[in-house]
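Written below as structure tokens is the structure these notes are about.
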Amino acid sequence: MDRMKILLVDDEQEFVTTLAERLELRNMNVSIAMDGEAALGIVENDPPQIVVLDVMMPGLSGLEVLEKIKAMDSKIQVILLTGHGATKDGIRGMQLGAFDYLIKPIDIDELIEKLNEAMKSMA
Amino acid sequence: MNHLKRKEVAFFGKITAGITHEIKNVLAIIQESSGLMEDILDITENGTFPHKDKFIKSLNRIHGQIQRGIDVTSRLNRFAHSPDHSPASLDLNEITEQMVLLASRFARLKNVVLESSPSDPPLIIKSDPVSLEMALFESIEILLNVIGSGGKITLSPRKIQNKCVLGVGYENTILPEEDFMAKISSTERWASLQEAMAYLGGSAKVFGLAPEILLYLPESIDD
């Protein structure tokens, strides 16, 4: 079975690199970006199957990046990461085409479950 | 609350909410780092990692404290967003549960346990969140100031004669009930509580001579 191809986008470098290592240990192919512009560059050149995207980032917001990803390739699934008290961003994101949203700090098992669900929805 | 005070409260709320996001980012990094250590331990062959059990025990303690940190910062974040909308639709069970977590430390300093007893079904009112939280906290502080050490304070939303009430009761047989009203009504905080309750369109009373403060609240602050 092919390895799941994931792009993690979050401006917290320590968070995103550690989470990437954990997903790689679970046999996933993970790339990372620390802002929206970098994420869009990866989506254009080496498109992932699923993007895990923080909503609150400097520069382009997560919701703006989501809209651009969906315009580039609507098949890419996006899972948003929101802060507590920002669930309205998650709901807005789902209206814009996000697969689902999770509240940070996330539980790794919950993230993997969502990634699997997102993969199944693409089949 | 006058316009300037409202702006001051909103300012404190905005800054606090921003800081809680920062704290959560720190917790998220600690969580993922300790999770990664756990992952590595899981794939390590048995017998190749000395003191593995002690290491796992320590990681579990870290996870427990991360969860505690997440709970506290989540409540603090919600509290910091209180000034965002007023009046707002408020679930009194949520308000009391939140206050238990935020005020527990003040109670613990007097060896008092703070807990909530939710109502079923939940009571929903339209009110000013900041003033209501302040009134609830004042009630807890009044009790903590007049009681001795130990015992339990229970926050219990309920209906009394068809009216929404937030009860703040103290359970300890050491306190002579007959002194309770006299002790409470002489405090400055009691006057301050009455003021907050008047703003909310309600009133604060002591239930008979029993050690419980009852906050009577209208179903809508506009009533």
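The values are calculated or read from the model by the stated rules, or taken from the named source; none is laboratory data. Being a predicted model, the structure only gives us computed values, none of them experimental. Using ideal geometry, Cβ is built from the backbone for each residue, glycine included, and neighbour counts are taken over all protein chains shown. Ligands, DNA and RNA are stripped out before the accessible areas are found, and what is left, the full protein with its side chains, is counted by its heavy atoms. Shrake-Rupley method; radii C 1.70, N 1.55, O 1.52, S 1.80 Å.
Observations, loosely collected:
- Among the residues of the stretch A:1-18, those that are in contact (Cβ under 8 Å) with a residue 24 or more places away in the chain, closer than 23 Å to residue B:30 by Cβ and open to solvent by less than 20 Å² (accessible area, probe 1.4 Å) comprise A:6, A:8, A:9, A:10.
- The number of residues in the stretch A:38-70 being open to solvent by 80 Å² or more (accessible area, probe 1.4 Å) and either within 14 Å of the chain's Cα centre (by Cα) or of a type in the set (A, V, I, L, M, F, W, C) (or both) comes to 4.
- Output for the stretch B:27-64, where each listed residue is of a type in the set (S, T, N, Q), within 28 Å of the chain's Cα centre (by Cα) and within 12 Å of chain A (Cβ to nearest Cβ): B:31
- Residues in the stretch A:67-85 that are in contact with a Gly (Cβ under 6 Å, 6 or more places away or on another chain) and either within 14 Å of chain B (Cβ to nearest Cβ) or within 15 Å of residue A:8 (Cβ to Cβ) (or both): A:80, A:82.
- Pair list, Cβ < 6 Å and 6+ apart or interchain, from the stretch B:64-83 residues that are closer than 24 Å to residue B:132 by Cα to residues that are open to solvent by 60 Å² or more (accessible area, probe 1.4 Å) and not hydroxyl-bearing (Ser, Thr, Tyr): B:73/B:23; B:75/B:101
- Restricting B:32, B:38, B:94 to those that are more than 30 Å from residue B:165 (Cα to Cα) and open to solvent by 50 Å² or more (accessible area, probe 1.4 Å) reduces the list to B:38.
- Residue that is least open to solvent (accessible area, probe 1.4 Å) [pool: residues in the stretch A:102-123 that are without any contact (Cβ under 8 Å) to a residue 40 or more places away in the chain and either away from every other protein chain (no Cβ under 14 Å) or of a type in the set (Ser, Thr, Tyr) (or both)]: A:114
- Checking each residue in the stretch A:17-54 for being touching a Gly at 6+ places or on another chain (Cβ under 6 Å) and more than 14 Å from chain B (Cβ to nearest Cβ) picks out A:35, A:36, A:53.
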